[in-house]
Amino acid sequence: MATAVPAQHSDIHAHSRYWVVPAVRAVVALAAAAVITFTRDAHTAMFGLIVFGVFAIVDGLATGVLSALLAGRRITRVLFAVQGAIGVIAGVLALVLSHSGLGLFLYLVTVWAALTGILELYNGVRERGHDAAARDWLITGALTAVLALVLLFVPADAVLAIGLFGAWAVIVGVFQGIGAATLRSAAHERTPSRGAESGS
């Protein structure tokens, strides 16, 4: 989780409004997890594709658009825009091809998780020591990449596969919610000090 940024580390930036991005992503992930949790008797491949499709589109838009507006460095914004585009494409395919069965669900979620997980992990590694959100990106990217690996080896069972995606959504949603609160607190702590510096 992102930690509050001490004032003496001027090379680490806590962007004042970036906390909105993980906050929105947390809501989207937890909403998907809630739908999966409370509809246990309907865990068919079609159900999984629809839930994943809606999640991937909304999360992709939130990640790409909000990061483009609120993230720090230009390359970071570009990488998150690519990550968001992958999510939107995967989500649209899942919805359009929702009748295609479990094989497509496993393929789409695995490819999406691998690509977006690696991109977010890379952003975290590259920005470590420079951006207060880097630790969150590292962990979220790693968890998503692990989801891809797990789905590669699970039996072809719709209930299990959808349950694993739901479990991932719970873990990532809670983690991003905590990260958003921490980033918001860090940004608020820095704002008064900057105002004091400008007034002195």
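For all pairs of alpha-carbon atoms in segment 79-168, what percent lies in each bin of width 10 Å, listed from the first bin to the last filled one?
18, 45, 28, 9, 1
In units of 2.2 N^0.38 Å, what is the alpha-carbon radius of gyration of segment 121-183?
Here the Cα radius of gyration is 1.29 times the empirical estimate.
Just read off the accessible area of HIS130 with the full protein assembly in place, 1.4 Å probe, to the nearest 10 Å².
70
Under 5 Å between amide hydrogens, which residues at least 5 positions from ASP131 or on another chain qualify, with H placed 1.01 Å from N in the peptide plane?
The answer is HIS13.
Provide the FRET efficiency to the nearest 0.05 for the ARG77-ALA156 pair, computing r from the beta carbons and using R0 = 30 Å.
Given R0 = 30 Å and the Cβ-Cβ separation, E is 0.20.
Taking the Cα centre of the chain as the origin, how large is its charge dipole in debye, to the nearest 20, when only Lys and Arg (+1) and Asp and Glu (-1) carry charge on their Cβ atoms?
380
Which residue fluctuates the most in the chain, going by a Gaussian network model with Cα springs under 10 Å, if the choices are ARG135, ARG17, ARG25?
So, out of ARG135, ARG17, ARG25, the one fluctuating most is ARG17.
Return a whole-number percent for the relative contact order of the chain, with Cα pairs under 8 Å and 6 or more residues apart as the contact set.
The value is 35 percent.
Have a look at ASP136, ASP59, ASP41 and tell me which one the Gaussian network model of the chain (Cα, springs below 10 Å) gives the largest fluctuation.
Looking only at ASP136, ASP59, ASP41, the largest GNM fluctuation is found for ASP41.
Who wins for biggest fluctuation among ALA186, ALA85, ALA156 in a Gaussian network model of the chain, springs between alpha carbons below 10 Å?
Greatest mean-square fluctuation among the candidates belongs to ALA156.
Solvent-accessible area of THR44, probe 1.4 Å, all protein chains present, reported in Å² to the nearest ten, please.
Roughly 70 Å² of THR44 is accessible to a 1.4 Å probe.
Near TRP137, within a Cβ-to-Cβ distance under 10 Å, what is the net charge of the other residues, with Lys and Arg +1 and Asp and Glu -1?
Charge balance near TRP137 sits at -1.
What are the chymotrypsin sites (Phe, Trp or Tyr not before Pro) within segment 32-102 that DSSP puts in a loop, where the Cβ has at most 15 other Cβ atoms within 10 Å?
PHE38
The values are calculated or read from the model by the stated rules, or taken from the named source; none is laboratory data. Keep in mind the model is a prediction, meaning the values are calculated, not measured. When we count neighbours, we look across all protein chains shown, and the Cβ atoms used for this are built from the backbone with ideal geometry, even at glycine. Areas reflect the complete protein model, heavy atoms only, side chains present, ligands, DNA and RNA absent. Shrake-Rupley method; radii C 1.70, N 1.55, O 1.52, S 1.80 Å.
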